[in-house]
Ligand code: ZN
């Protein structure tokens, strides 16, 4: 039987090889670019916000498996959510990858599939890869014209 860690690895590889929601939705009305110079990850996130909700979301870019898988998983997680829900999810995700994995804050069952990225907390350099797409989505929601850098 596959252990949990292997299963997580499978999901990450699957999403990095075949990213979901890759490309810009045709009618996207918000976008931002992000860049993680430490690893060379670049991602742009495109959103179609309608009635305060993420009606469509897509991303483009290239980078390591963690950044691509995180972007892919993020698009699945935020689609259909309100702006507030998507931002709250980002806060939870960031708490997860930055937690020490112990105690109450170590319990992130509510994040469902995003839990596959919890392991990056053991690799501080990888935390930036995992959070880059989320920072970029948040910047797109802010309608910020500025590019995002994790530096
Ligand atoms: Zn990376």
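With an 8 Å Cα cut-off and a minimum separation of 6 or more residues, compute the relative contact order for segment 14-151 in percent.
It comes to 32 percent, rounded to a whole number.
When only alpha-carbon atoms are used, what values of Rg and Dmax, in angstrom, describe segment 1-72?
14.1, 45
So, by mean Cβ neighbours within 10 angstrom, what's the order for 26-37, 62-73 with the highest one leading?
Taking the mean over residues of other Cβ atoms within 10 Å, the ranking is 62-73, 26-37.
Give me the angle, in degrees from 0 to 90, between the Cα long axis of helix 83-98 and the longest principal axis of the Cα atoms of the chain, rounded to the nearest 10.
The answer is roughly 30 degrees.
Against the longest alpha carbon principal axis of the chain, how many degrees, from 0 to 90 and to the nearest 10, is the axis of helix 4-17 turned?
Approximately 30 degrees, to the nearest ten.
Quick check on packing: order 7-13, 45-51 by the mean number of other C-beta atoms within 10 Å, highest mean leading.
45-51, 7-13
Report the label-to-label distance for residue 100 and residue 143 in nanometres (one decimal), using points 7 Å from each Cα along the Cα→Cβ vector.
About 4.3 nm, to one decimal.
Sort 55-61, 78-84 by packing, meaning the average of other beta carbons within 10 Å per residue, with the highest value first.
Ranked from most to least packed, the peptides come out as 55-61, 78-84.
Helix 124-141 versus the longest principal axis of the chain: what angle, 0 to 90°, nearest 10, using Cα atoms?
It works out to around 30 degrees.
Can you tell me what the convex hull of the Cα atoms of the chain projects to on average, as an area in nm²?
About 8.8 nm², averaged over all directions.
Determine the calculated [θ] at 222 nm for the chain from helices alone, applying -39500 (n - 2.57) to every DSSP H run no shorter than 4 residues and normalising by the residue count; nearest 500 deg cm²/dmol.
Helix-only estimate at 222 nm: -13500 deg cm²/dmol.
Readers should treat all values here as calculations from the given coordinates under stated rules, not as data from a laboratory. What you are looking at is a predicted structure, and each value in this text was computed from that prediction instead of being measured. Because the Cβ atoms are built from the backbone with ideal geometry, glycine has one as well, and the counts that use them run over all protein chains shown.
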